[in-house]
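Following: one structure in structure tokens, then a few remarks.
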Amino acid sequence: MNIGELQSQLDALKSEAESAFTSVADATELETLRVSFLGKKGKLTTILRGMGKLPKEARPEAGK
């Protein structure tokens, strides 16, 4: 994995989240989406774990 791939995954996730969150009908659905994106096993967490696979010198840039 490289920084470009990580950035494209984050951009895709952002678009997906924006789309999903704009169509929320109630608080229960909102909470379900929040957990699916930001929870311990959520989509963002999974992507950020991939930062550990980046070369050591690329990690500071990716962390920004």
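The values are calculated or read from the model by the stated rules, or taken from the named source; none is laboratory data. Source: prediction; values computed, not measured. Don't worry about glycine lacking a Cβ; one is built from the backbone with ideal geometry, like all the others, and counts go over all protein chains shown. What goes into the accessible areas is simple: the full protein's heavy atoms, side chains included, and nothing from ligands, DNA or RNA. Shrake-Rupley method; radii C 1.70, N 1.55, O 1.52, S 1.80 Å.
Restricting segment 24-63 to residues that are at pLDDT below 95 and of a type in the set (Asp, Glu), which is nearest to Gly4 (Cα to Cα)? Per the criteria, the residue is Glu61. Can you confirm whether segment 16-26 contains a residue that is over 10 Å from the mean Cα position of the chain (by Cα), surrounded by 12 or more Cβ atoms within 10 Å (Cβ to Cβ) and among the aliphatic types (A, V, I, L, M)? So far as segment 16-26 goes, yes, one or more of its residues are over 10 Å from the mean Cα position of the chain (by Cα), surrounded by 12 or more Cβ atoms within 10 Å (Cβ to Cβ) and among the aliphatic types (A, V, I, L, M).
Remark: pairs (first residue in segment 35-50, on the phi < 0 side of the Ramachandran plot; second residue part of a loop (DSSP other than H, G, I, E, B); Cβ separation under 6 Å; 6+ apart in sequence or on different chains) = Ser36/Gly42; Gly50/Met1.
What's the total number of residues in segment 1-15 that are hydrophobic (A, V, I, L, M, F, W, C), at pLDDT below 95 and under 12 Å from the mean Cα position of the chain (by Cα)? Spell out how you get there, then give the answer.
Initially, segment 1-15 is screened for residues hydrophobic (A, V, I, L, M, F, W, C), giving 1, 3, 6, 10, 12-13.
Imposing the further condition that a residue be at pLDDT below 95 reduces the set to 1, 3, 6, 10.
If we keep only those that are under 12 Å from the mean Cα position of the chain (by Cα) as well, we get 6, 10.
Selection size over segment 1-15: 2.
Considering only segment 12-23, state which residues are among the aliphatic types (A, V, I, L, M) and either closer than 20 Å to Met1 by Cβ or in contact (Cβ under 8 Å) with a residue 60 or more places away in the chain (or both). The answer is Ala12, Leu13. Residues in segment 1-45 that are assigned to a helix (DSSP H, G or I), closer than 29 Å to Arg59 by Cβ and of a type in the set (D, E, K, R): 7 in all. Among residues belonging to segment 27-42 that are among the hydrophobic types (A, V, I, L, M, F, W, C) and open to solvent by 50 Å² or more (accessible area, probe 1.4 Å), point out the one that is nearest to the chain's Cα centre (by Cα). Among them, the one singled out is Leu38.
Mind listing just one residue for me: the one in segment 53-64 that is assigned to a helix (DSSP H, G or I) and in contact (Cβ under 8 Å) with a residue 12 or more places away in the chain and, of those, surrounded by the most Cβ atoms within 10 Å (Cβ to Cβ)? Spell out the reasoning first.
In the first step, residues of segment 53-64 are kept if they are assigned to a helix (DSSP H, G or I); the result is 53, 56-63.
Adding the requirement that they be in contact (Cβ under 8 Å) with a residue 12 or more places away in the chain leaves 53, 58, 61-63.
Numbers: Lys53: 11, Ala58: 15, Glu61: 10, Ala62: 17, Gly63: 9.
Ranking the qualifying residues of segment 53-64, first place goes to Ala62.
Within segment 43-52, restricting attention to residues that are more than 8 Å from the chain's Cα centre (by Cα) and surrounded by 12 or more Cβ atoms within 10 Å (Cβ to Cβ), the residue that is nearest to Lys64 (Cα to Cα) is Met51.
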